[in-house]
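For reference, the structure discussed in these notes is given below.
The values are calculated or read from the model by the stated rules, or taken from the named source; none is laboratory data. Just so you know, these numbers come straight off a predicted model, no measurement behind them. No Cβ is skipped: glycine too gets one built from the backbone with ideal geometry, and neighbour counts run over all protein chains shown.
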Amino acid sequence: MSRNHAWMQRDLAVVWHPCTQMKDHEQLPLIPIRRGEGVWLEDFDGKRYLDAVSSWWVNVFGHANPRINARIRGQLENLEHVMLAGFSHAPVIELSERLLQLAPPGLSRAFYADNGSSGIEVALKMSYHYWRNSGHAQKKRFVTLTNSYHGETVAAMSVGDVALFTDIYKPLLLDTLKVASPDCYLRPEGMDWAEHSRNMFSHMEQCLAEHHHEIAAVIVEPLIQGAGGMRMYHPVYLQLLREACTRYRVHLIHDEIAVGFGRTGTLFACEQAGITPDFLVLSKALTGGYLPMAAVLTTNELYQAFYDDYTTLRAFLHSHTYTGNPLACAAALATLDIFEQDGVIEANRALAAHMGQACAHLAEHPHVAEVRQTGMVLAIEMVQDKASKTPYPWQERRGMTVYQHALERGALLRPLGNVVYLLPPYVITPDQIDFLAEVATKGIDLATRKSASTRVDMGRYPGHRDPG
Ligand SMILES: Cc1ncc(COP(=O)(O)O)c(C=O)c1O
């Protein structure tokens with residue numbers, strides 16, 4: 001029996017995996033990873049996989065990065081953890097100072113949580129609580145875009161719209177207002193991204209005009225709706241949204257959990273719109289992909305609404321046990337050092353251009369409706385019919401063929417339904433990008449070669465971060 005197989009059997013006897021129909025593993029091998037190095041993951045039988053999705057979009061500077069490792073080791077010698085209420089430590093102070101310096105002007109406070117969804121919960125609760133403390137308790141609803149994803153906890157699901165994750169739990173969710181996404185995949189033929197994004201803003205304007213008195217905040221994934229299939233839009237939408245949120249006295253929450261830290265071509269996506277949100281939520285690449293942590297950056301105005309004598313009960317009494325964990329802060333500080341010292345954003349421009357060139361030919365593929373790109377994210381939309389953009393029925397799980405082909409070839413590509421995407425660590429080389437493009441092309445050929453479905457009841461395309 002191979003070592004992989006032995007570990008797989010032990011795993012499947014006891015572990016319940018995230019985002020997985022466990023029955024799939026009756027056919028689909030589970031891959032136990034023994035070690036990682038740079039863009040590579042290596043299993044127990046010695047096979048290597050190029051991590052083209054940065055392990056769920058977290059890893060930016062490679063696995064087992066010596067500089068991040070060293071910083072965590074150093075921190076480990078001094079302090080592994082201390083509660084952040086009543087106590088503090090150097091890494092959390094230094095990290096807060098540096099994040100606020102890097103963030104757009106006007107953000108002056110950092111609150112911490114221990115994963116992305118919890119960071120979203122913090123921003124939603126703070127927003128509502130701010131309005132309550134300010135005498136506007138009726139402002140308690142949240143506006144969200146269709147096809148958005150903000151995490152898996154109950155309030156985070158409430159502001160999400162990826163059916164696969166949320167439909168079942170609908171009876172449990174908050175009553176949110178949904179506005180049509182500026183998703184440029186859906187733009188009329190011949191229209192550019194900026195015009196479509198601008199046009200789509202009319203839906204948001206109308207929603208804010210009608211409901212602003214009861215709205216606490218609008219939450220968006222800036223520029224890229226990740227789990228919804230790497231759907232993209234133009235920064236002009238964010239400019240219009242900032243202006244309208246100010247005009248209607250509604251908070252703007254930027255969920256940059258997936259797109260922050262250089263993914264879209266700038267350190268933060270909001271820079272491309274030249275705006276400052278009221279909340280900037282960061283996670284994933286914040287720690288270089290090492291340790292779970294989220295930071296919620298906000299303004300002095302927000303902070304001051306909670307600052308009062310204890311007995312007024314205006315304080316934000318939200319806490320996660322591991323808030324501001326020193327090891328996670330150390331990983332984040334090492335990550336920021338690398339951004340600062342290595343000219344990463346500049347170097348990524350060349351890598352992003354190479355990714356675009358390496359995948360450009362796929363636009364001509366008879367079953368590809370679009371190859372789209374924003375910075376270090378490139379997505380390829382497989383369709384049944386190119387002219388009408390008719391999707392493959394999600395039940396056919398075409399992306400699974402791409403996933404399995406890539407694994408055989410030594411690449412971890414994990415399509416979102418019919419959307420194959422590259423979201424690699426920034427330490428990838430041009431040759432490795434070429435390899436991924438070739439694997440993706442072959443995988444798409446194989447996945448789309450199978451005859452078209454005769455299914456009529458396609459249901460709503462649920463979208464997912466699973467290789468369906
Ligand atoms: C935009 C966005 N928000 C929130 C989350 C949730 O983060 P976490 O999985 O750490 O809870 C994700 C995760 O993929 C995400 O992409």
Exercise for the section: Go through the range 242-257 and count every residue that is within 18 Å of Thr299 (Cα to Cα) and either at pLDDT below 95 or within 16 Å of the ligand (Cβ to nearest atom) (or both). Expected result: 5
Handout entry: Matching residues, the range 182-200, being farther than 18 Å from Arg242 by Cα, of a type in the set (A, V, I, L, M, F, W, C) and touching a helix residue (DSSP H, G or I) at 6+ places or on another chain (Cβ under 7 Å)
Key = Cys184, Trp193
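When the residues of the range 371-423 are narrowed to those that are among the charged types (D, E, K, R), over 19 Å from Leu50 (Cβ atoms) and under 21 Å from the mean Cα position of the chain (by Cα), which ends up surrounded by the most Cβ atoms within 10 Å (Cβ to Cβ)?
Step by step, filter the range 371-423, then rank; the result is Glu381.
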Problem - Boolean, Gly274 is at pLDDT 95 or above and under 30 Å from Trp40 (Cα atoms) - result: no
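Considering the range 347-387 alone, what residues qualify as being in contact with a Gly (Cβ under 9 Å, 6 or more places away or on another chain) and part of a loop (DSSP other than H, G, I, E, B)?
Gly375, Met376
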Exercise for the section: Name every residue in the range 25-56 that is crowded, with 18+ Cβ neighbours inside 10 Å and touching a Pro at 6+ places or on another chain (Cβ under 7 Å), in order of residue number. Expected result: Val39, Asp43, Asp51, Ala52, Ser54
Problem - Test set (1) farther than 30 Å from Arg449 by Cα; (2) in contact with a strand residue (DSSP E or B) (Cβ under 8 Å, 6 or more places away or on another chain); (3) without any contact (Cβ under 8 Å) to a residue 40 or more places away in the chain; (4) away from the ligand (no atom under 16 Å from the Cβ) - Gly260 fails condition number - result: (4)
Exercise for the section: Run Asn59 past the list (1) touching a residue at least 12 places away in the same chain (Cβ under 8 Å); (2) surrounded by fewer than 16 Cβ atoms within 10 Å (Cβ to Cβ); (3) polar (S, T, N, Q) and report the number of the one that doesn't hold. Expected result: (2)
Problem - Residue tally, condition buried (at least 24 other Cβ atoms within 10 Å of the Cβ), over 13 Å from the mean Cα position of the chain (by Cα) and not β-branched (Val, Ile, Thr), over the range 253-279 - result: 4
